[in-house]
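Structure, as structure tokens:
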Amino acid sequence: MSHASTWINPQEAIRAASVGRGRGIKIAVIDSGIELSHPWLRHVRLVDDVAFEENAYGMVSRIPGWGADTHGHGTAVAYSILRAAPEAQVGSFRVLDSAFRSKYQIVEEAARVAIERGYHIINCSFGSKGDLKSIVHFKSWIDYAYTQGVHVVSACNNIDFREPEWPGFFPSVITVNMAKTLDENLYFRRDVAKDGNVCHLVEFAARGVELELPSKGHRVDRKSGSSFAAPHVTGILARLLSVHPRLKPLVAKSLLQEAAKDWTIHLRAANESVPERSHF
């Protein structure tokens, strides 16, 4: 990563995120694959379509993705990104099986390949509670992304967003919760505990409740979860970067904090009834 970076003010960031369409920005969708035959995605041409799996020797191997989605989740994520940033380029890095499970080594290998292939943003609509030992598997590639100037966007825990999950609870990651709202705005929520301390690292929220999204087998389902709020923010970030491509990850994150709308008391009240659904 170059030491030089673009510096703009929040007003310029808001304008860029409004007029940008994602052109020139490559986004890696680390997920369950993308169903290219789905009617809602037939126009999409993937930059990469790779599946990662553990072979008989315990090593992570790569095979063609063949435009398939093992679960339906990645298809919805990709659509959410392209809906927000229609001119962005998307690559599918399949790491999740039909039960929506993976292994740390598989996720890490996919992330490293995406970074080395020059992707600007990595979308992670998943999370792992894990222990201190497992965190190491996430930290190594999150740090690698940061040093290479690659932006990482992650979903949070849907049941309790304050509960740490990885990769969402690394400070360099843009972590997103779902919001029950009909608008397309980005919201900033830094909830403060009674003692005045910030109690979590989930700083952003976006529309993610009862969305009509494509799924596996050409279906269209109504889905809720931070899994689908995160890619919307990935799209907003892609719009910003398509106008100002030399923004470093922490600079871009700070600008999004400044540009986002406040999480008001009215939104807080409306989201008390959001269904508790795990995105795992």
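The values are calculated or read from the model by the stated rules, or taken from the named source; none is laboratory data. Worth saying up front: this structure is predicted, and the values here are computed from it rather than measured. Backbone-built Cβ (ideal geometry, glycine too); neighbour counts: all protein chains shown.
Tabulated values for the structure
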{"quantity": "Considering residues of segment 47-66 that are surrounded by fewer than 17 Cβ atoms within 10 Å (Cβ to Cβ) and touching a residue at least 24 places away in the same chain (Cβ under 8 Å) only, the residue nearest to the chain's Cα centre (by Cα)", "calculated": "47"}
{"quantity": "Filtered residue count, segment 204-261, keeping only those that are in a strand (DSSP E or B) and either at pLDDT 95 or above or under 18 Å from residue 72 (Cβ atoms) (or both)", "calculated": "12"}
{"quantity": "Residues located in segment 142-194, provided they are among the charged types (D, E, K, R) and over 17 Å from residue 260 (Cα atoms)", "calculated": "143, 160, 162, 163, 165, 194"}
{"quantity": "Residue within segment 105-119 that is of a type outside the set (Lys, Arg), more than 23 Å from residue 55 (Cα to Cα) and not in a helix (DSSP H, G or I) present", "calculated": "yes"}
{"quantity": "Test for residue 206: is it touching a helix residue (DSSP H, G or I) at 6+ places or on another chain (Cβ under 6 Å), of a type in the set (A, V, I, L, M) and without any contact (Cβ under 8 Å) to a residue 40 or more places away in the chain", "calculated": "yes"}
{"quantity": "Qualifying residue in segment 97-104 (condition: in contact (Cβ under 8 Å) with a residue 40 or more places away in the chain and within 20 Å of residue 148 (Cβ to Cβ))", "calculated": "no"}
{"quantity": "Candidate set from segment 160-197 (those that are in a loop (DSSP other than H, G, I, E, B), among the aliphatic types (A, V, I, L, M) and modelled with pLDDT of 90 or more); member that is nearest to the chain's Cα centre (by Cα)", "calculated": "173"}
{"quantity": "For residue 216: the one exception among (1) surrounded by fewer than 24 Cβ atoms within 10 Å (Cβ to Cβ); (2) more than 23 Å from residue 48 (Cβ to Cβ)", "calculated": "(2)"}
{"quantity": "Qualifying residue in segment 92-102 (condition: in contact with a helix residue (DSSP H, G or I) (Cβ under 9 Å, 6 or more places away or on another chain), modelled with pLDDT of 95 or more, farther than 20 Å from residue 168 by Cβ and surrounded by 19 or more Cβ atoms within 10 Å (Cβ to Cβ))", "calculated": "yes"}
{"quantity": "Pairs, first surrounded by fewer than 16 Cβ atoms within 10 Å (Cβ to Cβ) and at pLDDT 95 or above in segment 7-35, second assigned to a loop (DSSP other than H, G, I, E, B) and of a type in the set (Ser, Thr, Tyr), C-beta under 6 Å, six or more apart", "calculated": "none"}
{"quantity": "Those residues of segment 220-239 which are of a type in the set (A, V, I, L, M, F, W, C) and surrounded by fewer than 24 Cβ atoms within 10 Å (Cβ to Cβ), in sequence order", "calculated": "220"}
